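Mind having a look at this structure? Questions to follow.
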Amino acid sequence: MTELQAIKERHSVRKYMNKSIEMEIRQELDAFVEKVNTESGLNITIQYDDPEGFDSKMAHYGSFRNVNNYIVLKGDSCPDFEKKCGYYGEKIVIKAQMLGLNTCWAALTFNKKFVKKMIPENEKFSMVIALGYGETQGTAHKGKKYADVVLTDGTEPTWFKEAVEAALLAPTAVNQQKFMFSWKDQKPGMKVKGFGMHTKVDLGIVKYHFEIGAKSAKEKM
């Protein structure tokens, strides 16, 4: 499975089977997270077999069930911390999908009090991502179309269009999709449009999807 295929197949999953993640998959995912941390400067970790992270009224309100594993997005504070968490967190999400696992980003609906206790004082914390074997593979949500998120002078190349289509599949807080792309003077642009929850994290996720879409399209040329 390629990263683009994983992007297309991946959907948010909140209900999981009570099934442990196999050791060989844990080792591969942990090695990938270590590589991501080296590249990003973050200190992302994965909690396995730890149901307390989603044992709260907020988690139950968010319809989460049997979440025994989760990714913790944290690291040293920096100007683009939230965007980095989005970009590299989604990179891990797609790797997990390629390994046969399911995920769901969670900014509020988890046991924040418990999770925050494991964050060192010198580190900043963003959010968590539920991880495991879903009861289902999830379903796609209705979202915006290409024309809704693109400002162009009409000369954008095919790779740009395919990159935006991949970006439109990115998970964003409450499916808000508050981002815009542009193509002007033969150059792409991307920015947040308006205000919303966790838009900087969303922008990082969207950026990763855009890059994978562009890479895939260019490889076919």
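Every number in this text was worked out from the coordinates using simple rules, so none of it is lab data. None of these values were measured; they are calculated from a predicted model. FYI the Cβ positions are ideal-geometry reconstructions off the backbone, even for glycines, and counts take in every protein chain you see.
I need the shape label for the range 64-160. Rule: rounded when a/c is under 1.5, else prolate if a/b > b/c, else oblate, with a, b, c from the alpha carbon gyration tensor.
oblate
Calculate the FRET efficiency for Thr2 and Phe195 from the Cβ-Cβ distance with a Förster distance of 30 Å, rounded to the nearest 0.05.
So, using R0 = 30 Å, E works out to roughly 0.30.
Would you mind calculating the gained length between Lys187 and Asp50 on full extension (0.36 nm times residue separation, minus the Cα-Cα distance), in nm to one decimal?
Roughly 44.8 nm would be gained on extension.
While we're here: Do any of Lys142/Lys218; Lys8/Lys83; Lys35/Lys74; Lys84/Lys218; Lys57/Lys113 go past 19 Å between their Cα atoms, and which?
Lys142/Lys218; Lys8/Lys83; Lys84/Lys218
Which angle from 0 to 90°, rounded to the nearest 10, does the C-alpha axis of helix 158-167 make with the longest principal axis of the chain?
30
Another one. Under the rule a/c < 1.5 gives rounded, and otherwise a/b versus b/c splits prolate from oblate, where does the range 106-221 land using the Cα gyration tensor?
prolate
Something else: Gaussian network model of the chain, Cα springs within a sub-10 Å range: biggest mean-square fluctuation belongs to which of Lys35, Lys117, Lys200?
So, out of Lys35, Lys117, Lys200, the one fluctuating most is Lys117.
Using the Cα centre as the reference, give the magnitude of the dipole from point charges on the C-beta atoms of the chain (Lys, Arg: +1; Asp, Glu: -1; all else neutral), rounded to the nearest 20 debye.
So the magnitude is around 740 debye.
Nothing charged except the Cβ atoms of Lys and Arg (+1) and of Asp and Glu (-1): what's the magnitude of the dipole of the range 106-157 about its Cα centre? Round to the nearest 20 debye.
380
When the helix-only estimate is applied to the chain (DSSP H runs of n ≥ 4, each -39,500 (n - 2.57), divided by the residue count), what is the mean residue ellipticity at 222 nm, nearest 500 deg cm²/dmol?
-12000 deg cm²/dmol
Then there is this: Under 1.5 on a/c is rounded, so check that first for the chain, then, if it is not, pick prolate when a/b is larger than b/c and oblate when it is not; a ≥ b ≥ c are the square roots of the alpha carbon gyration tensor eigenvalues.
In terms of gyration-tensor shape, prolate.
Take the chain, connect every pair of alpha-carbon atoms lying under 10 Å apart with a spring to form a Gaussian network, then pick out the residue of Val115, Val33, Val72 with the largest mean-square fluctuation.
Val115
Please name whichever of Ile92, Gly213, Val192 sits farthest to the positive end of the charge dipole of the chain, dipole taken about the Cα centre and charges placed at Cβ: Lys and Arg +1, Asp and Glu -1.
Val192
Now for a different question. Could you give the length gained on full extension between Met180 and Lys215, defined as 0.36 nm per residue of separation minus the Cα-Cα distance, in nm?
10.7 nm
Between Asp80 and Ile25, what is the label-to-label distance in nm when each label sits 7 Å out along the Cα-to-Cβ direction?
3.2
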